[in-house]
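Worksheet: the structure to be examined is printed underneath.
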Amino acid sequence: MAQEPILSLRGVSKKFGAVSALTDIELDINPGEVVALVGDNGAGKSTLIKVLAGVHQPTSGVIRYEGREVSMESPAAAMRLGIATVYQDLALCENLDVVANLFLGHELSPYALDEEAMEARSWTLLQELAARIPSVREPIASLSGGQRQTVAIARSLITNPRIIMLDEPTAALGVAQTAEVLNLIERVRDKGLGVIMISHNMEDVRAVADRIVVLRLGRNNGVFDRSTSHQDLVAAITGATDNAVTRRMEKLQ
Ligand SMILES: Nc1ncnc2c1ncn2[C@@H]1O[C@H](COP(=O)(O)OP(=O)(O)O)[C@@H](O)[C@H]1O
Ligand SMILES: [Mg+2]
């Protein structure tokens, strides 16, 4: 079934002085899919996220949101458009409770001045995500790593974005909490959002990604599905050109 991508990038490049961090990136993000962004250190993953989050401006290329060409001059502009980002540093306030953290920075929300409404909205949101948070009045300091990631993801949903971008959502987590966060990502996807997830963990990527986009030296080095072997993914990430990788890339592109 043909569906319009929420976000599409055409020929997007980003230079920092003489350094080409991104070159000619082509990428579509569709509703209800998880796209994993993988690549070695320095491959351009964070730069790509920051271009889409309005932190960096592309040097050239076109970004379309719902078919319309857009430029995101600031993180606020990207957020207004419907692109939310959860950075690796979750930026939660330890001493504040879940409700306060969910609404932090969203003072213009219709709920924000009404404690009861904020608490009710927090419960609804966490229930929709089947999040395992014992109480929304719990301070962040008493939550596990997985619960913190959950709160950070829930917070990014407060503004009803269509795209959420997650930078290494499972990097700091153990096995059980990783599984919890991956379930959460699937639930966000099932709400019809487009999810972009950076990860170094190929097992996590293959567990949830509908598509795996490999960046290498700032360029797209292949698009894969989750049935791709660990070996083939690593080969694309490191630039080994073995036949299996080439065949699979040809099949998918
Ligand atoms: N603010 C910046 N100024 C200069 N160079 C940068 C900046 N941010 C990233 N780079 C360079 O761009 C390239 C891609 O970096 P990055 O996007 O952080 O890669 P990744 O997140 O995949 O590890 C690297 O060569 C990095 O040194
Ligand atoms: Mg990075």
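Bear in mind these aren't lab numbers, they're just calculated from the coordinates by the rules spelled out. Fair warning: this is a prediction, and the values are worked out from it, not measured in the lab. Virtual Cβ from ideal backbone geometry, glycine too; neighbours counted across all protein chains shown.
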Exercise for the section: In whole Hz, with x marking every Gly and Pro, tabulate ³J(HN,Hα) for region 89-105 from phi via Karplus 6.51 cos²θ - 1.76 cosθ + 1.60, θ = phi - 60°. Expected result: 7, 5, 6, 8, 8, 3, 8, 9, 7, 4, 4, 4, 5, 4, 9, 4, x
Practice task
Can you pull a Stokes-Einstein diffusion coefficient for the chain at 4 °C (1.567 mPa s), Rh from Kirkwood over Cα pairs, as a whole number of µm²/s?
Solution key: 69
Handout entry: Cross-link partners of LYS191 among aspartates and glutamates (Cα-Cα below 14 Å; sequence separation of 8 or more within a chain)
Key = GLU33, GLU128
Completion exercise
Expressed as a whole-number percentage, the relative contact order of region 7-252 with C-alpha contacts under 8 angstrom and at least six residues apart is 26
Fill in the blank from the handout: Within the chain, excluding any GluC sites (Glu not before Pro) found in a DSSP loop (not H, G, I, E or B) and having at most 10 other Cβ atoms within 10 Å, the longest uninterrupted segment runs 108-253
Exercise for the section: Return the sequence-ordered ³J(HN,Hα) values of region 151-157 in whole Hz as given by the Karplus equation 6.51 cos²θ - 1.76 cosθ + 1.60 applied to θ = phi - 60°, using x for Gly and Pro. Expected result: 5, 5, 5, 4, 4, 5, 8
Exercise for the section: Towards the positive end of the charge dipole of the chain, with charges on Cβ (+1 Lys, Arg; -1 Asp, Glu), say which of ALA152, MET72, ILE83 has the farthest Cα. Expected result: MET72
Completion exercise
Dividing the helical contributions, -39500 (n - 2.57) per DSSP H run of n ≥ 4, by the residues of the chain yields a 222 nm value, nearest 500 deg cm²/dmol, of -10500 deg cm²/dmol
Exercise for the section: Among the trypsin sites (Lys or Arg not before Pro) in region 111-177, which ones are in a DSSP loop with at most 15 other Cβ atoms within 10 Å of the Cβ? Mind listing them? Expected result: ARG132, ARG137
